[in-house]
Each structure stands twice: as structure tokens, then as C-alpha cells.
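One structure below.
Derivation of every value follows stated rules applied to the coordinates shown; laboratory data play no part. The model shown is predicted, which means the values in this text are computed figures rather than measured ones. As a convention, Cβ positions derive from the backbone with ideal geometry for all residues, glycine included, and neighbour counts pool all protein chains shown.
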Amino acid sequence: MTEILNRRDTFKAVLLPLIAAQLAAQPAAAQTGAASVIVYLSRSGNTRVLAGALSRRFNADLIELRPRDPWPADYEQMVGWASAMREQGNNVPLAGDLPDIAGYDTVFLCHPIWGGDLPAVTASFLQSHDLSGKTVIPIITHGGYGIGDAVATAQSLAPNARFTEPFVLECNQERDDLASLNAWLGENL
Ligand SMILES: Cc1cc2nc3c(=O)[nH]c(=O)nc-3n(C[C@H](O)[C@H](O)[C@H](O)COP(=O)(O)O)c2cc1C
């Protein structure tokens, strides 16, 4: 509960004013009435909270990124999968037919940090879509180790997009949640 309240408070206190200031300073979407889209990746839900709030706040369409072939449910296997995808140069086939993003001027690019970098799934989206001329607002969650190379990687994959400063939020780590659960199980069951 405390975690949820903290996230909500952080969102109200930090995220909304930041985005409002960014849009006022860089009026692509706000003043032209151009459409925004929220493109998000979320495995354990942290980034989904932000993506949903942004969608409601800006009445923006939501696009969820998923790999065509499901990622491992087990966390440790997931870490291996994520680095294997990055090492193979991304190009992960994505699930579903993603909508055409040509008509959107502003893209909220919402993603967690995986292995100190942009997740391979998000990188694969950028590899397969042209964001030239669009404003990209990175919305990034991480588990305590910062955003690493994520913005630089995203910029290298969308070289003709205009990136704003990222919004960055530290969230809980699936790994820590599982460690806490396992410690409790070890003591109690
Ligand atoms: C495969 C994997 C790799 C991760 N690597 C990092 C990392 O390098 N640094 C970090 O701070 N957090 C890392 N995390 C934690 C996530 O970035 C963090 O928990 C994030 O908020 C998860 O977002 P989500 O709940 O939307 O999936 C990793 C999580 C996963 C699943």
C-alpha cells in the first residue's frame, strides 16, 4: 500500500509537472493538437502504471510491446533471455500487428532498464519503426542502478527523432521481491 501511495505521490509531484514543463517548452504536441501515443514495455507492472496514467492524462493511445515468442516466466531465465536478445543485436519479433505510428507526433517511450540498457524488445520496436521528426519522451523505470546507456541506445536507433530529457523513476525489482519471498518461505514454510 505504501509503495502504491508513494508511486502515486511521485507521479503527481514529479511526473506531471515535468511533462507539462516539457510540453510547454517544446510545444510539438500541446500547441498543434498533434496526437500522442504511449509505447510501453512492462514485465512486472511498474512501467505499466506510468503508461496507463499518461494515456489517461493525455487521452493518448496505448501500444504495449511484447515479443512474439513469450519471454521466460522465471526471473533468472528472463535475465539470460534479455542479454541473449541484446547480444544477438535485438531484432526480436514483436507480438501482434502494431498500429501505424506515422500519424503521431509525440511518442512517450516507456520502458524498464534491462542489463543497464534499453530492453531488446523496445530496441526492436525502434529498429522496425521510423520515428524521424517525432518528439520522443523517455519514461524509464529501473531497479536502483540507474538508466545506464538506455537513452543513448534509443537515440542511436531513432537518430532523426527529437528526444526530451527522460523521466526516470526507481521502482521495485522483481529480483528483490523474489528474494524477500524466498527468505520468508525459508523461515516460515
Ligand atoms: C531482465 C531484467 C533486467 C534488469 N536489469 C536491471 C538493471 O540493469 N538495472 C536496474 O536498475 N534494474 C534492472 N531491472 C529491474 C527493472 O528495470 C525494474 O524493476 C523496472 O521497474 C521493471 O519495470 P516493469 O515492472 O515495468 O517491468 C531488470 C529487470 C529485468 C526483468
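Quick look at the numbers
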| quantity | calculated |
| --- | --- |
| Cα-only Debye scattering, region 98-164: base-10 log of I(q)/I(0) at q = 0.21 Å⁻¹ | -0.82 |
| Mean Cβ neighbour count within 10 Å, used as a protection proxy, ranking 121-134, 157-170 highest first | 121-134, 157-170 |
| Integer Hz, Karplus 6.51/-1.76/1.60 couplings in order for region 123-130, x for Gly and Pro | 4, 5, 4, 5, 5, 10, 9, 8 |
| Distant-in-sequence amide H partners of residue 94 (H built 1.01 Å from N, under 5 Å) | 68 |
| Least to most buried among 92, 79, 37 (fewest other Cβ within 10 Å first) | 79, 37, 92 |
| From phi via Karplus (6.51, -1.76, 1.60), per-residue ³J(HN,Hα) for region 37-54 in Hz, x at Gly/Pro | 9, 9, 9, 9, 10, 8, 9, 9, x, 4, 5, 4, 4, 5, 4, x, 5, 5 |
| Efficiency of FRET from Cβ geometry, residue 95 and residue 145, R₀ 22 Å, rounded to 0.05 | 0.20 |
| Amide N of region 121-149 lying under 20 Å from the label point, which is placed 7 angstrom from the Cα of residue 162 along Cα→Cβ | 130-139 |
| Extension gain, residue 76 back to residue 64 (0.36 nm per residue minus Cα-Cα distance, nm) | 2.0 nm |
